[in-house]
Amino acid sequence: MKNVWEKYAGEKRKQVMDFAEGYKDYLSRSKTEREAVLNAIEIAKDKGFRDIGEFSSLKPGDKFYVNNRDKNLALFVMGEEAIDKGMNILGAHVDSPRLDLKQHPLYEDNGLVLLDTHYYGGVKKYQWVAQPMALHGVVCKKDGAKVVINIGEKEDDPVIEISDLLIHLSADQMKKTGAEVVAGEDLNALFGSIPTDDEKTESDKVKKNILDILKSEYDIEEDDFISAELEIVPAGKARDLGLDRSMVMGYGHDDRICAYTSLMAILEMEKPARTSCCLLVDKEEIGSAGNTGMTSRFFENTVAEIIALCGDYHDLKVRRALKNSKMLSSDVSAAFDPNYPAVNEMKNTAFFGKGIVFNKYTGARGKSGSNDANAEYVAKVRKVMDDNEVMFQTAELGKVDQGGGGTIACILAELDMDVIDAGIAVQNMHACWETASKADIYEAYRGYKAFLKDMK
Ligand code: MN
Ligand code: MN
């Protein structure tokens, strides 16, 4: 199979590289689901999308977004055909593995102040220690104020870290299995070490000093952590990888890489035949639960609202709009890694530089938890890709019984629409820093555009 880089030889290589610059900027600024959604809205507004609340009726060509609690976003471009004939939907998730602060996170231990965490999503805990981390999120106060926190990204910002045990004293630790080397409860981040000058404070003097800083710089009190969503994420920007700058290393490729490429695809739609939709959802990494995850009624409710705005509302139109829709559940695939070839079955493995990846099925232990797209639909997807000269590959997640994983595909399929998993191959998935190929990022974006434009 040809390499995508060969297709974009010479002059054409610039468009691949330029597209990656936009992605790197978005990824570096979008370290949480909230940041990913709010940054997506800003980009969409620049391209003429407006909040659905600004519309009293809808017509073909209208572009709008629906913001669900700043953590889940749906964007639409109304098509020429009635929406009950079905939509072409791209769906990706914007939450990524990280360490969430507990509700009572702050404590002092022998002159050090730490933040207690509860990890979010599937992580190899030993990957998250001894490196610079940032703190992102919101603190919601009783008076309704929302304090946005972002510490550790600017060059002169302080960072935080989860310490690791020195090798010199690791005799016992090194005998443990990988799952046990670092315990979840031991993921506590170092946050301060100067005692307060206040002579009235007799104990927890360092904690008092940290609380004073939080009060003066952010106007928050210790109790405000109860109603906060604060996430510890790797500090720093996404950057080029490889002497040829062919790859991007960054935090949260899974799945902001598909979110960004899907977003860029829908932003270019002008009055498509079928209504275009791009869903950016939260909570995929913990089972798509909650009112901002894919299992929420948010999407169905939104479709009902849109149909009401089209006039002549009937519930059957909602049902039909969903069942006649076609979807790409866009999520990352495991890229072949020469350091770990044993986990793959080479005929059905995704590679860097081979284009957008389609997974007919995902799942584990005999496809359990997968969507398993219908062959008829896979054939239609192939045709759209070939007609638009989009390079694609098909793959599954490793050898049979080596492990596995799931996506939002099966949740959309429950609404009676055709769905297939599609995405971009990534190395080091769920590590602090993940890697992807710029060629695949560009080709996925082209694939998503082709799907929105031509899928019937
Ligand atoms: Mn994912
Ligand atoms: Mn994941």
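The values are calculated or read from the model by the stated rules, or taken from the named source; none is laboratory data. None of these values were measured; they are calculated from a predicted model. Glycine gets a Cβ as well: all are built from the backbone with ideal geometry, and neighbour counts include every protein chain shown. Side chains included, ligands, DNA and RNA excluded: accessible areas come from the protein's heavy atoms. Shrake-Rupley method; radii C 1.70, N 1.55, O 1.52, S 1.80 Å.
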query = Which one is farthest from ligand 2 (Cβ to nearest atom), of the residues in region 428-456 that are open to solvent by less than 40 Å² (accessible area, probe 1.4 Å) and not in a helix (DSSP H, G or I)?
reply = Met455
key: Boolean, Lys200 is more than 23 Å from Leu38 (Cα to Cα) and at pLDDT 95 or above   = yes
key: Sole exception among (1) open to solvent by 50 Å² or more (accessible area, probe 1.4 Å); (2) within 16 Å of ligand 2 (Cβ to nearest atom); (3) touching a Lys or Arg at 6+ places or on another chain (Cβ under 8 Å) for Lys124, by number   = (3)
key: Only listed residue being of a type in the set (Asp, Glu) and either surrounded by 11 or more Cβ atoms within 10 Å (Cβ to Cβ) or at positive phi (or both), chosen from Glu155, Glu180   = Glu180
ask   = Mind checking whether some residue in region 433-453 is more than 16 Å from ligand 1 (Cβ to nearest atom), without any contact (Cβ under 8 Å) to a residue 60 or more places away in the chain, out of contact with any His (no Cβ under 7 Å at 6 or more places or on another chain) and among the polar types (S, T, N, Q)?
value = no
message = I'd like to know if region 360-369 contains one or more residues that are among the small types (Gly, Ala, Ser), at pLDDT below 95 and on the phi < 0 side of the Ramachandran plot.
response = yes
message = Whether any residue in region 437-451 is of a type in the set (S, T, N, Q) and farther than 15 Å from Lys354 by Cβ is what I want to check.
response = no
Selection count where residues are aromatic (Phe, Trp, Tyr) and over 26 Å from the mean Cα position of the chain (by Cα), scope region 1-26 = 1
ask   = Could you give every pair whose Cβ atoms fall below 6 Å, whose first residue belongs to region 92-120 and is within 11 Å of Leu187 (Cβ to Cβ) and open to solvent by less than 70 Å² (accessible area, probe 1.4 Å), and whose second residue is basic (Lys, Arg) and more than 16 Å from ligand 1 (Cβ to nearest atom), counting only separations of at least 6 or pairs across chains?
value = Asp116/Lys102
ask   = Is one or more of the residues making up region 78-91 among the hydrophobic types (A, V, I, L, M, F, W, C), closer than 25 Å to Lys271 by Cβ, touching a Gly at 6+ places or on another chain (Cβ under 7 Å) and more than 16 Å from ligand 1 (Cβ to nearest atom)?
value = yes
inquiry  = Residue under question is Gln15, and the condition is that it be in a helix (DSSP H, G or I) and open to solvent by 10 Å² or more (accessible area, probe 1.4 Å); does it hold?
reply    = yes
request  = Look at region 19-52 and say how many of its residues are open to solvent by less than 70 Å² (accessible area, probe 1.4 Å) and not in a loop (DSSP other than H, G, I, E, B).
outcome  = 20
key: Residues that are under 28 Å from Val139 (Cβ atoms) and within 16 Å of ligand 1 (Cβ to nearest atom), drawn from region 234-262   = Gly250, Tyr251, Gly252, His253, Asp254, Asp255, Arg256, Ala259, Tyr260
ask   = Would you pick out the residues in region 82-91 that are more than 16 Å from ligand 2 (Cβ to nearest atom) and either in contact with a strand residue (DSSP E or B) (Cβ under 8 Å, 6 or more places away or on another chain) or open to solvent by less than 10 Å² (accessible area, probe 1.4 Å) (or both)?
value = Ile83, Gly86, Met87, Asn88, Ile89, Leu90
query = Could you list, in sequence order, the residues of region 348-401 that are part of a strand (DSSP E or B), open to solvent by 30 Å² or more (accessible area, probe 1.4 Å) and within 26 Å of Gly287 (Cα to Cα)?
reply = Ser368, Thr394
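To keep it simple, each residue is scored yes or no on (1) surrounded by fewer than 19 Cβ atoms within 10 Å (Cβ to Cβ); (2) closer than 14 Å to Trp433 by Cα.
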site: Ser203; (1), (2): yes, no
site: Ile210; (1), (2): no, no
site: Glu222; (1), (2): yes, no
site: Val233; (1), (2): no, yes
site: Leu241; (1), (2): yes, yes
request  = Determine whether Met264 is in contact with a Lys or Arg (Cβ under 7 Å, 6 or more places away or on another chain), more than 16 Å from ligand 2 (Cβ to nearest atom), open to solvent by 10 Å² or more (accessible area, probe 1.4 Å) and of a type outside the set (Ser, Thr, Tyr).
outcome  = no
request  = Could you run through region 314-342 and say how many residues are in contact with a Phe, Trp or Tyr (Cβ under 6 Å, 6 or more places away or on another chain) and either among the small types (Gly, Ala, Ser) or within 16 Å of ligand 2 (Cβ to nearest atom) (or both)?
outcome  = 1
note = The residue from Asp143, Asp198 that alone is open to solvent by 90 Å² or more (accessible area, probe 1.4 Å) and either touching a Lys or Arg at 6+ places or on another chain (Cβ under 8 Å) or without any contact (Cβ under 8 Å) to a residue 12 or more places away in the chain (or both) is Asp143
